[in-house]
Amino acid sequence: MVCLILTTLKYLIEDYTIAELSRDPSKHLLKREIIQSYLDIVNKNTETIATQLLISLKEVFQERLILDDKNTYLLAIEAKATYRVRPGTANYLLPLEWGLTLHPIYCFPYIPASSIKGALRSTLYLHFYEWLNNGGQSSMEDAERRAEELAEIFFGSSDDYRAFMSRVVAFDAIPIEPGVGNNYVVGDVLTPIYAEAKDELSTNPKPILGLSIAEGTKFYFVLKVNAGEIWEEIKDNVLFKEYLGLENKNDNEAPEYIAKFVAALMLKVFREVGLGGKTTRGYGYFTPISIKMRSGDANGR
């Protein structure tokens, strides 16, 4: 399937460009028409393929995706957007101040794997750093060094001298059920009031039009955790094992606990960190609905 959304809208966009260049007041009406047409096409397209794609993903998760060994785990998490979500603003061809990233092949709104892994990494780093400081176990500089070391064990390093891949692999999160109003994507508006204002009497609200994933949209998240490799890296580190609650775990027990730790880390991202932009305004948070875990020697648990 090739994304045809912008092709479908190209004549409206051309009219808008002409109106913009000629300073024609009708450009505002054209912008609204473009936004509405865009929303109709995206929501209909997403509704058409979301169910089929979810069936395929679940089949892959349960049966077809071959895991490396018994200490490799897959986590499948369904979560619902608590409020709206803004994963990216890329859509430079639309006449909007901020757009929304669509999947390059299927043309539905999605949350890129890179955003998910980045949120997980920063959450682990900050949580471990705070744990060290609150326990008085390290100086600030030492806490930063140790937190970076643990984050690299889980999520890899790009250092030229010791680069290695992430042991936690995130997949793109896809929408599987619409949100409020039976929509996946909705028009949105931000209204800066105090931009360049000297006082309360000189405010000049200017609405900024854009797009967001609708509140209540349900997403399907998948993570792969090479827990055996992580355990081999930390099994001799007393501090890391204490933080992860692995002090009394052996080689058979520890990998499953590490996979469960990653699942708990993902829940922390959902509830406290958020995904995408404008998280300080309530965007990007999720309510978890279900978590399933499968290891290399089991169909699911």
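Residues in region 243-251: is at least one over 28 Å from S166 (Cα atoms), in a loop (DSSP other than H, G, I, E, B) and not small (G, A, S)?
no
Would you point out the residue of region 252-301, among those that are charged (D, E, K, R) and in a strand (DSSP E or B), that is nearest to E229 (Cα to Cα)?
R294
Is it the case that region 223-243 has a residue that's in contact with a Leu (Cβ under 9 Å, 6 or more places away or on another chain), surrounded by fewer than 16 Cβ atoms within 10 Å (Cβ to Cβ), over 16 Å from I153 (Cα atoms) and not polar (S, T, N, Q)?
No, region 223-243 contains no residue that is in contact with a Leu (Cβ under 9 Å, 6 or more places away or on another chain), surrounded by fewer than 16 Cβ atoms within 10 Å (Cβ to Cβ), over 16 Å from I153 (Cα atoms) and not polar (S, T, N, Q).
Can you find, within region 50-73, the residue that is modelled with the lowest pLDDT among those that are part of a helix (DSSP H, G or I) and of a type in the set (D, E, K, R)?
Here the residue is R64.
Look through L94, L150 and report the one residue that is at pLDDT 80 or above and either buried (at least 19 other Cβ atoms within 10 Å of the Cβ) or outside any loop (DSSP other than H, G, I, E, B) (or both).
Residue meeting the stated conditions: L150.
How many residues are among the β-branched types (V, I, T), out of contact with any strand residue (DSSP E or B) (no Cβ under 6 Å at 6 or more places or on another chain) and modelled with pLDDT of 75 or more when one looks only at region 192-230?
Residues that pass the stated criteria total 1.
Can A76 be described as in a helix (DSSP H, G or I), of a type outside the set (K, R) and modelled with pLDDT of 80 or more?
The answer is no for A76.
Quick one: count up the residues across region 245-301 that are of a type in the set (D, E) and surrounded by 14 or more Cβ atoms within 10 Å (Cβ to Cβ).
1
Considering only region 218-242, state which residues are among the aliphatic types (A, V, I, L, M) and part of a helix (DSSP H, G or I).
Of everything in region 218-242, those that are among the aliphatic types (A, V, I, L, M) and part of a helix (DSSP H, G or I) turn out to be A227, I230, I234, V238, L239.
Between residues in region 205-234 that are under 20 Å from L265 (Cβ atoms) and residues that are among the acidic types (D, E) and at pLDDT 90 or above, which pairs lie under 6 Å by C-beta distance while being six or more apart or on different chains?
From region 205-234, the pairs are Y220/E78.
The values are calculated or read from the model by the stated rules, or taken from the named source; none is laboratory data. Because the structure is predicted, anything quoted here is derived from the model rather than measured. All Cβ positions, glycine included, derive from the backbone under ideal geometry; neighbour counts span all protein chains shown.
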